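K.L.:
Sharing a structure below in structure tokens format, with a few things to ask.
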């Protein structure tokens, strides 16, 4: 995928949201986000080595989809995600495993039971790229964003943006909803993680927003199932993410 063209929002909710998360200029001037995070949850227990991403340093590129996962699957190695290719480099920089067109590898019953390391690099790579770059992600010229959605959740009403992504975009599914509180902080992200399966409809809650340098990031994330009616279930926790450090670079 070619480098994206990002446009500064002129008014509206997305403008408020970008201001709340550090401002469009700060994100647009940066090239990457470097973060340290811990992750876990039922998905990792079911599909991959449960401690594979227990504490991981990631480098997320802002202009085009690319993620580097440090010390994966073991110390000294690095996993690399790009939409058309995933690979793992050893301590010496040599490629030890590689897969072209990695999303296609999720077809078949076997992937409902277990992921190999390259599957894990693909899923974690594109998911983290989406999570960490949002809401700047919504400023891409190839992403269509509409206002007007609202979410009533636990006695609170959050304003929403509905995002439509182009075909073959490395994300969970084509149409997703992002909800923001009165301060314009991202609080909930609704999607269908298609590579996991037809049942993987979820709500991704974001809390404890903190400012690191010029950027603002939610530091506590929790993904839970969502029913067809839009109701979220309190458990199981499919994925949890704790962000320890983050910064625009």
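K.L.:
Name the single residue that is surrounded by the most Cβ atoms within 10 Å (Cβ to Cβ) among those in the range 128-152 being in contact (Cβ under 8 Å) with a residue 60 or more places away in the chain and farther than 16 Å from residue 247 by Cα.
P.N.:
Restricting attention to the range 128-152, the residues satisfying the condition of being in contact (Cβ under 8 Å) with a residue 60 or more places away in the chain are 128-129, 131-133, 135-136, 138-142, 145, 147.
Remaining after also requiring farther than 16 Å from residue 247 by Cα: 138-142, 145, 147.
On the way: 138: 20, 139: 23, 140: 19, 141: 9, 142: 12, 145: 18, 147: 12.
Out of the qualifying residues, it is 139.
K.L.:
Which one is nearest to residue 171 (Cα to Cα) among residues in the range 1-27 that are free of Cβ contacts under 8 Å to residues at least 24 places away in the same chain and part of a helix (DSSP H, G or I)?
P.N.:
Restricting attention to the range 1-27, the residues satisfying the condition of being free of Cβ contacts under 8 Å to residues at least 24 places away in the same chain are 10-11, 15, 25.
Keeping just the survivors that are part of a helix (DSSP H, G or I) gives 15, 25.
On the way: 15: 23, 25: 24 Å.
Here the answer is 15.
K.L.:
Any chance the range 106-117 includes a residue that's assigned to a strand (DSSP E or B) and within 26 Å of residue 237 (Cβ to Cβ)?
P.N.:
Scanning the range 106-117, I find no residue that is assigned to a strand (DSSP E or B) and within 26 Å of residue 237 (Cβ to Cβ), so the answer is no.
K.L.:
When you look at residue 15, is it within 21 Å of residue 148 (Cβ to Cβ), buried (at least 20 other Cβ atoms within 10 Å of the Cβ) and out of contact with any helix residue (DSSP H, G or I) (no Cβ under 7 Å at 6 or more places or on another chain), yes or no?
P.N.:
So residue 15 fails the test.
K.L.:
Name the pairs whose Cβ atoms lie under 9 Å apart, with the first residue in the range 97-112 and on the phi > 0 side of the Ramachandran plot, the second surrounded by 10 or more Cβ atoms within 10 Å (Cβ to Cβ) and modelled with pLDDT of 90 or more, and 6 or more positions between them or separate chains?
P.N.:
Filtered contacts from the range 97-112: 101/84; 101/85.
K.L.:
Can residue 32 be described as in contact (Cβ under 8 Å) with a residue 60 or more places away in the chain, over 28 Å from residue 182 (Cβ atoms), in contact with a helix residue (DSSP H, G or I) (Cβ under 6 Å, 6 or more places away or on another chain) and surrounded by 14 or more Cβ atoms within 10 Å (Cβ to Cβ)?
P.N.:
no
K.L.:
Select from the range 157-191 the residues that are in contact with a strand residue (DSSP E or B) (Cβ under 8 Å, 6 or more places away or on another chain) and modelled with pLDDT under 95 and list them in ascending order.
P.N.:
Answer for the range 157-191, where residues must be in contact with a strand residue (DSSP E or B) (Cβ under 8 Å, 6 or more places away or on another chain) and modelled with pLDDT under 95: there is none.
K.L.:
When the range 144-156 is examined, which residues are found to be within 22 Å of residue 127 (Cα to Cα) and either in contact with a helix residue (DSSP H, G or I) (Cβ under 7 Å, 6 or more places away or on another chain) or modelled with pLDDT under 95 (or both)?
P.N.:
145
K.L.:
Hey, residue 168 hits all of (1) in a loop (DSSP other than H, G, I, E, B); (2) crowded, with 20+ Cβ neighbours inside 10 Å but one; which does it fall short on?
P.N.:
Residue 168 satisfies all of (1) in a loop (DSSP other than H, G, I, E, B); (2) crowded, with 20+ Cβ neighbours inside 10 Å except (2).
Results for (1) surrounded by 18 or more Cβ atoms within 10 Å (Cβ to Cβ); (2) part of a strand (DSSP E or B); (3) under 13 Å from the mean Cα position of the chain (by Cα), shown as yes or no for each residue.
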site	(1), (2), (3)
38	no, yes, no
43	yes, no, no
46	no, no, no
54	no, no, no
64	no, no, no
73	yes, no, no
76	no, no, no
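K.L.:
To continue, here is another question. Considering the range 197-211 alone, what residues qualify as being modelled with pLDDT of 95 or more and over 18 Å from the mean Cα position of the chain (by Cα)?
P.N.:
211
K.L.:
In addition: Out of 58, 33, report the one residue that is at pLDDT 95 or above, within 22 Å of residue 161 (Cβ to Cβ), assigned to a strand (DSSP E or B) and touching a strand residue (DSSP E or B) at 6+ places or on another chain (Cβ under 7 Å).
P.N.:
Exactly one residue qualifies, and that residue is 33.
The values are calculated or read from the model by the stated rules, or taken from the named source; none is laboratory data. Just so it is clear, the model here is predicted, and its values are computed rather than measured. For neighbour counting, all protein chains shown are included, and Cβ atoms are generated from backbone atoms with ideal geometry for every residue, glycine included.
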